[in-house]
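Report on the following structure.
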Amino acid sequence: MKIEGLLDLQVMMLLLMGIGVILRKKNIITKEGKTVLTDLVINLILPCNIITAFCIPMDRSVLIAEMEIFIISVLIQIFCTLISGVLYRKVPKGKRMVLQYATVCSNAGFLGNPVAEGLYGSLGLLYASVYLIPQRIVMWSAGVSYFTQSPSRKEVVKKVLTHPCIIAVEIGIVLMVTQIQLPEFLSTGIEEIGGCTTAVTMILIGTILMDTDMRHMVTKITAGYSVIRLIFIPTVVLLGCLLAGVDSVVAGVSVTLAAMPAGTTTAILALKYHGDEEFATQCVVLTTVLSVAAIPIWSLIIHSIFLA
């Protein structure tokens, strides 16, 4: 298990966030520039990243395991959606929509693939790509609806269905099912743009962080959310995998990705749709910092149970 590589990845993300703080502090990225960067991430970089993630081979030899982890991921999304509607009822609306989105949508989309590959090799990367399909669909449908304010349900549905990331999911599913190969110049271009996702999003989070009062980052609400995101959800997934007797690598990937911190898109969407971006950034930063310890601990627990 490459714990050192996992720590390097997490420290790298924190470093990129620090670069964003410096760029904002020096006013190299202005407030207007931050808005432009947000639109660039939402409308171009993330859609390209999503399309690339769906371009995975349909290998018959591991199809059963792929279906297994897909079903687990669907169940996790259903579970997270249900608890997000129950746990935060007493939280003010502005913070509640952030917590609901951050509970349903972890940072598995950015951290998941490299972490799974680092811990379980190429098979882990393949399983992680399948695991992320339901989350990508939920985060850009039900997830976006948490932040979208419209006068009617019809308007909400219209906004969600026409969102660039949902269109990217639709394209990605078609490419995955049909196994159509895009022209090399097009696939390479999409892959290169999507490859900027981690760097640009973490720098953007840093710019948001610079404009946020982080002195009160650790509160009763953010601490409670951190326990739910980093401990409660992966514990439920681990118990479920043990009871179901699933394959050890499938279980390992599922629990590891379930233990990821709040998705960086939480802060990006809060900024985009005029939500509580300060609170969203606090949730992202706190869980990301805590995950530096939490993810390796979960990896050791999984190893001792399934791979000992």
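What length, rounded to one decimal in nm, is gained on full extension from LEU161 through to GLU184, with 0.36 nm per residue of separation minus their alpha-carbon distance?
Details: separation 23, 0.36 × 23 = 8.28 nm, distance 2.83 nm.
Stretched fully, the LEU161-GLU184 segment lengthens by 5.5 nm.
For the range 180-308, what is the relative contact order in percent, using Cα pairs closer than 8 Å and at least 6 residues apart in sequence?
Details: 97 pairs, mean separation 39.8, N = 129.
Taking the mean separation of contacting Cα pairs over the length of the range 180-308, I get 31 percent.
First check a/c for the chain, with a ≥ b ≥ c the square roots of the eigenvalues of its C-alpha gyration tensor; if it is under 1.5, answer rounded, and if not, answer prolate when a/b is larger than b/c or oblate otherwise.
Numbers: a/c = 1.36, a/b = 1.18, b/c = 1.15.
Rounded.
Ignoring ligands and nucleic acids, what accessible area does ASP211 show with a 1.4 Å probe (Å², nearest 10)?
In the full protein context, ASP211 sits at about 70 Å².
Go through TRP140, TRP298 and list them by solvent-accessible area, largest first, probe radius 1.4 Å. Numbers along the way, then the final one.
Numbers: TRP140 5, TRP298 25 Å².
Most to least solvent-accessible, the answer reads TRP298, TRP140.
Measuring with a 1.4 Å probe in the full set of protein chains, what accessible area per residue, in whole Å², belongs to the chain?
Values: 13950 Å² over 308 residues.
Here the per-residue accessible area is 45 Å².
Using the Cα centre of the chain as origin and beta-carbon charges of +1 (Lys, Arg) and -1 (Asp, Glu), tell me which of CYS80, TYR131, ILE297 is placed farthest towards the positive end of the dipole.
Most positive-ward Cα: CYS80.
Percent of accessible area on the chain owned by carbon and sulfur, 1.4 Å probe? Please list the in-between numbers first.
Working: 9400 of 13950 Å².
Carbon-and-sulfur percentage of accessible area, whole number: 67.
Just subtract the alpha-carbon distance of VAL227 and LEU239 from 0.36 nm times their residue separation and send over the number in nm, one decimal.
Difference between extended and current length: 2.6 nm.
What size of dipole, in debye to the nearest 20, comes out for the chain about its Cα centre when the only charges are +1 on Lys and Arg C-beta atoms and -1 on Asp and Glu C-beta atoms? Before the final figure, lay out the partial values.
Numbers: 21 positive and 19 negative charges, 259 e Å.
Charge dipole, the chain, about its Cα centre: 1240 debye, nearest 20.
Go ahead and estimate [θ] at 222 nm for the chain from helices alone: -39,500 (n - 2.57) per DSSP H run with n ≥ 4, summed, over the residue count, rounded to 500.
Values: 16 runs with 227 residues, N = 308.
Helix contribution divided over all residues of the chain: -24000 deg cm²/dmol.
Determine, from the Cβ-Cβ distance of LYS31 and VAL289 and an R0 of 30 Å, the FRET efficiency 1/(1 + (r/R0)^6), rounded to the nearest 0.05. Walk me through the numbers before you get to the answer.
On the way: r = 25 Å, r/R0 = 0.85.
For LYS31 and VAL289, the calculated efficiency is 0.75.
Just to make sure I understand: if all protein chains stay in place, what is the order of HIS274, HIS303, HIS216 by accessible area at 1.4 Å, largest first? Before the final figure, lay out the partial values.
Numbers: HIS274 165, HIS303 75, HIS216 120 Å².
Putting HIS274, HIS303, HIS216 in descending order of accessible area: HIS274, HIS216, HIS303.
With a ≥ b ≥ c the root eigenvalues of the C-alpha gyration tensor of the range 10-107, is it rounded (a/c under 1.5), prolate (a/b larger than b/c) or oblate?
On the way: a/c = 2.52, a/b = 1.34, b/c = 1.88.
Since a/c reaches 1.5 but b/c is at least a/b, the shape of the range 10-107 is classed as oblate.
The values are calculated or read from the model by the stated rules, or taken from the named source; none is laboratory data. Quick caveat: nothing in here was measured; it's all calculated off a predicted structure. Neighbour counts are summed over all protein chains in view; Cβ atoms, including those assigned to glycine, are modelled from backbone coordinates with ideal geometry. The area values use the complete protein model at the heavy-atom level, side chains included, leaving out ligands, DNA and RNA. Shrake-Rupley method; radii C 1.70, N 1.55, O 1.52, S 1.80 Å.
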